Amino acid sequence: MSLFKGIVPSALTLSFLGLVACGSVDNDPPKLESVFGTVSAMDTLVAVFDKSIEDFDDSLVTSNQPITVVKQKGKKIYIVGATDTLASIPRFAVDSDYDTLKFANIQDEDGNKSKLQTVTFSTYPFLDSDEYEYNKEGTCYSNKKPADADVLTDSTGSKFYNGAKTTKTLTVTGILGGQYSKNCEDDADTYRIFLQKRDTISIQLEARSTDIPLQLVVLGPSKIGAAPAECTDDNQEFFTYDMKNQKKVAPIDTIVGIGDIHECGTTTITDKLAYYIQVRYSDGLTTSEQRPQAYKLSVTLHPIKK
């Protein structure tokens with residue numbers, strides 16, 4: 001039996017433990033781990049570091065566009081835009097490319113400070129035109145009706161408003177403002193897209209917050225005189241999906257096909273007709289419950305194969 005284990009001097013033991021403790025000291029400064037890509041201008045960006053941050057000050061975060069640091073907690077820094085404020089929802093500049101967030105002298109609990117670290121992000125377009133504005137006549141402007149819809153595609157249905165092919169996914173952002181003045185209400189946004197019979201479209205709708213559910217509706221087309229009897233109205237609703245019916249919080253992600261409804265607007269199935277994608281508050285929400293809600297809408301067209 002070895003006696004060495006039993007006769008190690010206590011001082012030597014303490015010295016050995018001290019060396020181990022010294023060797024475990026972390027001298028690395030906090031490292032930024034976040035990658036953002038393209039985001040909604042109304043998103044809150046959460047910059048995450050690999051360790052907790054100490055002695056933080058808002059001035060340590062800067063950008064090439066106006067920002068507001070909401071809070072810092074543990075490893076995370078929460079940032080929103082300050083370019084504009086719509087219905088009390090702050091936002092970054094919309095439809096922008098490669099904006100930069102800069103983090104300088106971020107410090108951990110051991111006093112290690114990082115050098116300048118940066119992360120870039122871009123923002124989706126904001127296509128919602130009734131941005132709490134009044135028209136030339138001094139009355140409320142609204143894109144609720146199909147006649148006032150914002151344009152997603154050209155009349156050929158082959159290109160989005162920005163020139164991109166409709167076989168690619170287009171993502172835009174918008175906001176429902178609710179009763180934003182005594183006489184004005186923004187409870188629905190409508191977007192026009194041209195389709196023909198047997199086309200299908202993939203639609204994703206994501207709300208900014210979970211407490212104000214939204215509804216996704218597809219309408220169209222305008223009725224012709226020779227329309228079948230079941231065509232009761234111009235631009236009648238033929239597809240509806242309500243977030244309040246979901247068992248768990250998740251974006252709406254669906255595919256809508258254009259079938260016999262097309263014959264309400266034409267006797268020639270190859271004709272391209274105007275259809276409408278509408279984002280509105282969930283059924284059953286009272287006016288007071290229709291609080292401002294930002295959303296992200298993504299659309300991809302799958303045309304009929306010829």
What does the extension gain come out to for residue 104 and residue 250, with contour length at 0.36 nm per residue minus their alpha carbon separation? 49.0 nm
Please give the per residue accessible area of the chain, computed with a probe of 1.4 Å over protein heavy atoms only, in Å². 54 Å²
Holding the Cα-Cα limit at 30 Å, pick out from 76/165; 71/168; 71/113; 145/272; 159/296; 113/248 the pairs that are longer than that. 76/165; 71/168; 113/248
Just from its helices, what would the mean residue ellipticity at 222 nm be for the chain, if runs of 4 or more DSSP H residues each count -39500 (n - 2.57) and the sum is divided by every residue, rounded to the nearest 500 deg cm²/dmol? -1500 deg cm²/dmol
Taking a cut-off of 24 Å, what percent of all Cα-Cα pairs in the range 69-219 are separated by more than that? 50 percent
Estimated distance in nm for a label pair at residue 198 and residue 78, the labels positioned 7 Å out from Cα along Cα-to-Cβ: 5.1 nm
Using 0.36 nm per residue, how much length does the chain from residue 139 to residue 52 gain when fully extended, once their Cα-Cα distance is taken away? 26.2 nm
Does a label point 7 Å from the Cα of residue 95, set along Cα-to-beta-carbon, have any residues of the range 162-182 with amide nitrogen under 13 Å, and which are they? 162-164, 171-174
Using a 1.4 Å probe and ignoring any ligands, DNA or RNA, find the accessible area of residue 241 and quote it in Å² to the nearest 10. 90 Å²
Largest to smallest accessible area among 161, 281 [probe 1.4 Å]: 161, 281
Show the residues, 5+ positions off or on another chain, whose built amide H is closer than 5 Å to the amide H of residue 223. 234, 235
A student applying the Cα gyration tensor rule (rounded when a/c is under 1.5; otherwise prolate if a/b is larger than b/c, oblate if not) would label the range 59-109 oblate
With a ≥ b ≥ c taken as the square roots of the eigenvalues of the C-alpha gyration tensor of the range 184-235, please select rounded if a/c is under 1.5 and otherwise prolate if a/b is larger than b/c or oblate if it is not? prolate
Would you please give the FRET efficiency between residue 59 and residue 85, computed as 1/(1 + (r/R0)^6) with r the Cβ-Cβ distance and R0 = 22 Å, to the nearest 0.05? 0.55
Highest GNM mean-square fluctuation among 225, 177, 81, for the chain with Cα springs under 10 Å, belongs to 225
Between residue 287 and residue 113, what is the label-to-label distance in nm when each label sits 7 Å out along the Cα-to-Cβ direction? 5.6 nm
Carbon-plus-sulfur fraction of the accessible area of the chain, 1.4 Å probe, in percent? 51 percent
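The values are calculated or read from the model by the stated rules, or taken from the named source; none is laboratory data. Bear in mind that the values here come from a model prediction, so they are computed numbers and not experimental data. FYI the Cβ positions are ideal-geometry reconstructions off the backbone, even for glycines, and counts take in every protein chain you see. All accessible areas refer to the heavy atoms of the entire protein, side chains included, with ligands and DNA or RNA removed. Shrake-Rupley method; radii C 1.70, N 1.55, O 1.52, S 1.80 Å.
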